[in-house]
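The values are calculated or read from the model by the stated rules, or taken from the named source; none is laboratory data. Just so it is clear, the model here is predicted, and its values are computed rather than measured. A quick note on method: Cβ atoms are made from the backbone with ideal geometry, for glycine too, and the neighbour counts reach across all protein chains shown. We work out accessible area using only protein heavy atoms, side chains counted, and drop any ligands, DNA or RNA first. Shrake-Rupley method; radii C 1.70, N 1.55, O 1.52, S 1.80 Å.
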Amino acid sequence: MAKRFYITTPIYYVNSVPHVGHALTTMVCDATKRWHVMKGEDAFFLTGTDENGLKVMEAAEQAGETPQQFVDRISAIWSDAFDSLNIGYDVFFRTTSARHREASQALFTVLKDNGHIYLDKYEGWYDVSAETFVREADLVDGKSPDGNEVRWVEEENWFFRLSAFEKPLLEKIESGELLLLPEGRRNEVLSFVKQGLRDLCVSRSNPGWGIPVPGDEGKVIYVWFDALINYLAATGWPAAGWEKLWPADVHWMAKEIFTRFHATLWPAMLMGAGLPLPKTVIAHGWFTFNESKMSKSKGNVVSHVDVVKRFEEAGCTHELAVDVLRYCLVKALPYDNDTNFTMSEIERIYNADLANDLGNALNRTLTMAHKFVDGVVPDGACDSAATASVAACKARFEEAMKTHQLNDALDAAVDAARFLNKYVDEKAPWALAKSGDASLAEVVRSILFLLRSAEGMVRPFVPSTADAIAIQLGLTPLSDWKSIGEESSLPAGTKVGQPVPMFPRLEAKVQTGTSAPQSQEKKKVQTEEKKSEFIEFADFMKVELRVARIMEAEPVEGSDKLMKLQVKVGDEKRQILAGIKQKYSAEDLIGRQVVVVANLKPRKMMGHESQGMVLAADDAVGQAILLEPDKEAPEGTSVH
Ligand code: MSP
């Protein structure tokens, strides 16, 4: 029986609702699962909700619902949120399910039978909000270390002999049998265990909600104790077949529930029951906002819904707007340290990576394929520089995934598109076409190959984007990991589609003070006046004219005239809007040299910023005739 690759998120509390912090962990697991599936593995991905505990009962009461109505309603909010983010979980596991109750009671019984759970009297402070006992010495101004109210309790309870697992735990961690990541957090766990583990109270008096302690119905199992068991319960344990999933290959979470729960208590529980340990337990840092942890109670959360809406408004389709969030979550993954995750950071990542790197690569590649090779994938082999670059990106991706550094893996994937853009600039296919250079077909094939490979590598993170690229390439999705980097992934003779812009660039929020519309009459008078005026030579010299190269061109949607151009002026890249759409297609423009006014005050046209002006004459019907240097001139050369 082949074991399935098993990956889990924490199960989330139903007394809160999802935000980008939860989306982060869930997205990281989703991408990991998709990658394993691409490698041909049978992968299984669990997420779900943590629904027991006194806090839930209290939240239900406040909402005027029964606990069951409450958990059903909130749990659906979580699963709907993950569905809306295209999260491909295999099970949405709930701790109020009969399956979970059965497994939790069974594990409790096994631990008790093995002598690891005993009855004792507890007298001390209890933090209801965190559902934990607090030592007198740990109280701060009469409150718990988290600042919560505490109440005195005296009750007989069940205790788990955690102290007995210090040594075996250290052995498992130090030998690497239980892999804790990242390194820094692993060290924290080691020193935590070395300071000594205390036995843990694992029952509470039964408030009428929770999982009853087997044989002692007046008590329920401590909510953290039952919550951890969810990972095992979902495998079907103790019924036959659980080994097909267990042990988990990866438990992902954030740092606050790593040391005390997932990296110590949970492995100890499993050892006590004679069960295999998870292979890897890994914790990332937090998304913060103004230096404090993003959380609903602090009211400082970025909502996933707002992010998706923002990019739909910017012109992305719904699926691609979801991918924007998915992309930004992984890109910003706080692997070691915390990350301030704000809408402006999301916008910055979007412009740099999605609109510029990936979006440009797609747009340029398809436009050039149409311009230079009639829109048909050339045969022959790719330039070895392109295949070597893909091989290097793929190797870096795989290496990063070994330590679950998904942010690095994503970067390696997008580097294939970045290489593409550099390669186009260096090879200048327009110059090859002009001089009739025989290498043109190989260069275009290489560019298409780089785009095809990027499509495959970004797929685990942004599946809708990858699909959109595949469709535009005229190919079926590249979803077999092995094929990435193979020449056969790009069959010669394929008819490529037309470029469809995926990620419109967000314009800088600079108000350029566009003047109020003027009447036609007033405009005419002003033009006449201008014509009769002479200007000083010094005035003319104020106009900075330069040679520029059009790198990309895209018609502005909703405008009859405007083309959006990305031009290179020396080392600088600019966006210029030009009213030349009726005369020139994108293919006609890419690679062409033009003359631009380089020091014109930026202004907005149809919602897009124009950072200059392209010089053109008018033909008989007032349409543009572009000015072009008589022969190629270095880009940025000034014109007088
Ligand atoms: N129910 C427990 C987990 C039990 S697992 C057996 C719990 N739930 S929670 O709803 O509070 O979810 C905590 C997890 O949500 C974190 O460990 C992390 O995965 C994710 N995050 C919640 N807020 C986050 C940030 N601000 N930043 C990063 N991750 C965040 O704890």
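Can you give me the number of residues within region 1-29 that are of a type in the set (Gly, Ala, Ser) and in a loop (DSSP other than H, G, I, E, B)? Here the count works out to 2.
Just one of the listed residues (Trp158, Trp152, Trp125, Trp78) is part of a helix (DSSP H, G or I) and either on the phi < 0 side of the Ramachandran plot or open to solvent by less than 40 Å² (accessible area, probe 1.4 Å) (or both), namely Trp78. A single entry from Met27, Met38 fulfils the requirement of being more than 10 Å from the ligand (Cβ to nearest atom), touching a Leu at 6+ places or on another chain (Cβ under 6 Å), of a type outside the set (Phe, Trp, Tyr) and in the same structural domain as Pro212 (by TED's automatic domain parsing): Met27. Screening Asp90, Asp113 for residues that are free of Cβ contacts under 8 Å to residues at least 60 places away in the same chain, acidic (Asp, Glu), surrounded by 16 or more Cβ atoms within 10 Å (Cβ to Cβ) and under 26 Å from Trp237 (Cβ atoms) leaves exactly one candidate, Asp90. Just the residues that are at pLDDT 95 or above, open to solvent by 50 Å² or more (accessible area, probe 1.4 Å), of a type outside the set (Val, Ile, Thr) and within 26 Å of the chain's Cα centre (by Cα), please, taken from region 458-501. Once the filter is applied, which keeps residues that are at pLDDT 95 or above, open to solvent by 50 Å² or more (accessible area, probe 1.4 Å), of a type outside the set (Val, Ile, Thr) and within 26 Å of the chain's Cα centre (by Cα), region 458-501 yields Asp467, Pro477, Ser479, Asp480, Lys482. Filtering region 569-592 to residues that are open to solvent by 50 Å² or more (accessible area, probe 1.4 Å) and closer than 16 Å to Asp425 by Cα leaves Asp571, Glu572, Lys573, Arg592.
Being in contact with a strand residue (DSSP E or B) (Cβ under 9 Å, 6 or more places away or on another chain) and without any contact (Cβ under 8 Å) to a residue 40 or more places away in the chain is a condition met by at least one residue of region 29-36. With respect to the conditions (1) under 20 Å from Pro10 (Cβ atoms); (2) surrounded by fewer than 18 Cβ atoms within 10 Å (Cβ to Cβ); (3) more than 16 Å from the ligand (Cβ to nearest atom), Glu61 lacks only one, and its number is (1). Note on region 604-627: residues that are out of contact with any strand residue (DSSP E or B) (no Cβ under 6 Å at 6 or more places or on another chain), surrounded by fewer than 16 Cβ atoms within 10 Å (Cβ to Cβ) and of a type in the set (D, E, K, R) amount to 1. Counting just the residues of region 334-348 that are more than 16 Å from the ligand (Cβ to nearest atom) and surrounded by fewer than 17 Cβ atoms within 10 Å (Cβ to Cβ), which one comes out nearest to Phe287 (Cα to Cα)? This residue is Ser344. In region 179-186 there is at least one residue matching the filter, namely being of a type outside the set (D, E, K, R) and part of a loop (DSSP other than H, G, I, E, B). Against the numbered list (1) in contact with a strand residue (DSSP E or B) (Cβ under 8 Å, 6 or more places away or on another chain); (2) open to solvent by 20 Å² or more (accessible area, probe 1.4 Å); (3) free of Cβ contacts under 8 Å to residues at least 24 places away in the same chain, Glu183 comes up short only at (1).
Inspect region 257-264 for any residue being within 13 Å of the ligand (Cβ to nearest atom), in the same structural domain as Leu228 (by TED's automatic domain parsing) and open to solvent by 30 Å² or more (accessible area, probe 1.4 Å) and give the result as yes or no. Yes, the conditions are met somewhere in region 257-264.
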